[in-house]
Amino acid sequence: MNEEVELILEDARERMQRSIKHLEADLMKIRAGRANVNMLDGIMVDYYGSQTALNQVANINTPDAKTIAIQPWEKTMIDPIEKAIMVSNLGLNPMNNGEIIRISIPVLTEQRRQELVKQVKNEGENGKVSVRNVRRDTNDYLKKLLKEGLSEDEEKDAEKNVQDLTDQYIKKIEEIIDVKDKDIMTI
């Protein structure tokens, strides 16, 4: 196989893998009824005038399946952390005792579970679209190489390899989505 074609296929594989990683990161933020420190990823706190990730100003852990505990490294950070959690649109209600902020994770209702499953399926579709876009871009590049002298057989073989990669990553996405759906629907 042409060296340039191999590089293109490797690039496609890497980009599809990034789509999977992005999907997994997005799904980590969707809660499944259990406390998970990743639920707070993306929350930024006003730390002396600059926006700083919550995990950079506090220790975060889950003492049990229904509670997240946040221990700020500085007591003065309790109010800014609480405020950041309240405005995060995660629907969480922080409470503090002057030293530690505790967040009780409410049990999900059946309706909320259904909404989360829809959200998960939507994220999965976005992942599939991303993988298909990589396939399209790669095939377009292969057609360009065909005009520049790549043989038709090599181009067809490469397109088949791209399709095989696409099928493989779409299947991976479906498996990830199924696992997350089961996780959400399990009480």
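Worth pointing out:
- Any hit, region 50-66, residues being in contact with an Asp or Glu (Cβ under 7 Å, 6 or more places away or on another chain), open to solvent by less than 80 Å² (accessible area, probe 1.4 Å) and assigned to a helix (DSSP H, G or I): no
- For region 1-16, filtering for residues that are part of a helix (DSSP H, G or I) and touching a residue at least 40 places away in the same chain (Cβ under 8 Å) leaves 9.
- Residues of region 48-99 satisfying the condition of being acidic (Asp, Glu) and either under 25 Å from residue 34 (Cβ atoms) or without any contact (Cβ under 8 Å) to a residue 12 or more places away in the chain (or both): 64, 79, 82, 99
- Residues of region 111-140 satisfying the condition of being under 14 Å from residue 20 (Cα atoms), among the hydrophobic types (A, V, I, L, M, F, W, C) and touching a residue at least 12 places away in the same chain (Cβ under 8 Å): 120, 131, 134
- Scanning region 14-30 for residues being open to solvent by 70 Å² or more (accessible area, probe 1.4 Å) and of a type in the set (Asp, Glu) gives a total of 2.
- Top-ranked residue of region 31-49 - restricted to ones that are assigned to a loop (DSSP other than H, G, I, E, B) and either among the charged types (D, E, K, R) or within 30 Å of residue 138 (Cβ to Cβ) (or both), ranked as most open to solvent (accessible area, probe 1.4 Å): 34
The values are calculated or read from the model by the stated rules, or taken from the named source; none is laboratory data. The shown structure was predicted, so the numbers you read here are calculated from the model rather than taken from an experiment. Every residue, glycine among them, receives a Cβ derived from its backbone with ideal geometry; neighbour counts consider all protein chains shown. Only protein heavy atoms, including side chains, enter the accessible area calculation; ligands, DNA and RNA are left aside. Shrake-Rupley method; radii C 1.70, N 1.55, O 1.52, S 1.80 Å.
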